[in-house]
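Quick notes on the structure that follows.
The values are calculated or read from the model by the stated rules, or taken from the named source; none is laboratory data. As the structure is a prediction and not an experimental result, all values here were calculated from the model. Cβ coordinates were reconstructed from backbone atoms using ideal geometry, including for glycine residues, and neighbour counts include every protein chain displayed. The area values use the complete protein model at the heavy-atom level, side chains included, leaving out ligands, DNA and RNA. Shrake-Rupley method; radii C 1.70, N 1.55, O 1.52, S 1.80 Å.
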Amino acid sequence: PTRLRLPGLTTARAAAGVRRGPDALPCLAYLLIGARGDGHRLLRLLLAVYHPRNRYILHLSADASHEERRDLAAGVAAAAPAAVSFDNVALVGTPTAGTPVGSSGLAGTLRAAAVLLRLHPDWDWFLTLNAADYPLVTQDDLIHALSYVPREFNFIDHTSDIGRKESEKVQSMIVDAGIYLSGRTNFFRATQKRPSSPWVILNRRFIEYCVLGWENLPRLLLMYFNNVMLPQEGYFHSVICNSLDFRNSTVNNDLRYKVWDDPPQTEPLFLSMAHFNKMVDSGQPFARRFQANGPLLDKIDEKLLKRPGHGPVPGAWCAGRKSWFIDPCSQWSDVNVVKPGPQALKLQQYINWTLEEADSGAKSCRL
């Protein structure tokens with residue numbers, strides 16, 4: 001699809017210096033999603049999760065103006081010079097609609113995943129973040145923690161306990177395995193009726209399976225979920241839990257801190273200063289939902305990320321002199337080295353707990 005690339009020339013030497021592969025640190029591919037008016041929020045979110053090792057697709061929905069997309073691209077180039085040199089940020093120029101219901105959101109996610117596979121087929125995990133999300137750890141912390149995680153795992157919240165409103169959202173379904181697997185005639189009942197989270201962390205091989213579809217299962221479920229009210233809350237979950245190749249790779253956790261009303265509504269509550277300590281102690285790498293430019297985001301920048309207001313979160317890759325008027329990430333050294341901070345230990349403990357829970361099979365679609 002047509003896309004608006006950031007202005008400037010690629011520094012081939014900078015990009016060539018990034019080591020990727022099974023023996024290197026993980027490379028993360030981010031899809032950052034926003035609606036009209038979210039340009040500044042997406043820029044702030046990108047700067048909070050930026051690292052030269054990673055890949056990024058920015059998607060402002062179709063109702064945003066061309067001027068807002070242009071300003072976002074120019075803002076990234078100005079605030080993160082490394083993004084130009086490492087050529088690892090792209091902005092979708094022909095976006096899909098940003099409606100909260102219907103199939104356009106799922107179509108946009110699959111299309112962005114296909115673009116990432118075509119542009120940069122060297123990443124390990126695909127992460128989706130919304131403009132209302134924000135990280136609680138640095139990318140050095142996250143990359144360090146994920147370096148100890150087997151790369152076949154997928155972090156996806158696939159609970160099927162949705163309470164009284166099931167019939168309002170999606171009907172229960174079955175998948176005839178004989179349609180897509182030779183020699184199988186039994187039925188797999190989809191474990192996902194309406195999961196609680198559309199936000200996922202999926203490995204590259206599973207994304208390839210969904211996009212390239214070497215079996216009929218992803219295409220068949222895509223046809224079904226095109227007619228579902230909230231398809232992103234069920235599509236990936238149903239594919240992965242009905243695939244013999246991937247159902248044993250699930251971790252039933254989306255690694256996001258959320259606070260729900262009682263009974264739970266469609267979206268979690270907006271987080272406030274009162275949630276800060278619990279949020280930090282949780283050890284989770286991301287949280288949602290945040291008010292735009294609220295004081296809680298400023299506190300996270302100051303206390304957890306150490307992010308200056310005008311640039312990316314500093315990491316071991318930043319080599320510039322730190323001062324109030326100089327961005328330390330305007331210069332860089334070895335991007336293949338990370339330096340985890342104080343929050344990394346809590347993150348490591350939380351991920352270890354999720355992996356142990358997944359291994360027990362108590363909250364998983366594993367067989």
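Just reorder 40, 66 by solvent-accessible area, largest first, 1.4 Å probe, all chains present. Walk me through the numbers before you get to the answer.
On the way: 40 150, 66 115 Å².
Order by accessible area, largest first: 40, 66.
Of the beta bridges in region 25-360, as assigned by DSSP with both residues counted there, near 35 percent are antiparallel. The string of couplings for region 205-219 from the Karplus curve (6.51, -1.76, 1.60, θ = phi - 60°) is 5, 5, 4, 4, 4, 6, 7, 8, x, 6, 10, 6, 3, x, 6 Hz, one whole number per residue in order, with x for Gly and Pro.
Can you work out D for region 25-360 in µm² s⁻¹ from Stokes-Einstein, where Rh is the Kirkwood radius over C-alpha pairs, the temperature is 25 °C and the viscosity is 0.890 mPa s? Mind dumping the intermediate values first?
Values: Rh = 20.6 Å.
Rounded, D is 119 µm²/s.
For region 25-360, the carbon plus sulfur part of the accessible surface works out to 53%, probe radius 1.4 Å. Computed from the C-beta positions of residue 20 and residue 331, the FRET efficiency with R₀ = 25 Å rounds to 0.65.
Rolling a 1.4 angstrom probe over the protein heavy atoms, how many square angstrom per residue are accessible across region 25-360? Each step should come with its number before you reach the end.
Working: 13620 Å² over 336 residues.
The answer is 41 Å² per residue.
Just read off the accessible area of residue 330 with the full protein assembly in place, 1.4 Å probe, to the nearest 10 Å². Only protein atoms counted, so the area is about 50 Å². Here each label is just a point 7 Å from Cα along the line to Cβ, and for residue 211 and residue 356 those points are 3.6 nm apart. Taking amide hydrogens as placed 1.01 Å from N in the peptide plane, the amide H of residue 98 sits under 5 Å from those of 62, 63, each at least 5 positions away in sequence or on another chain.
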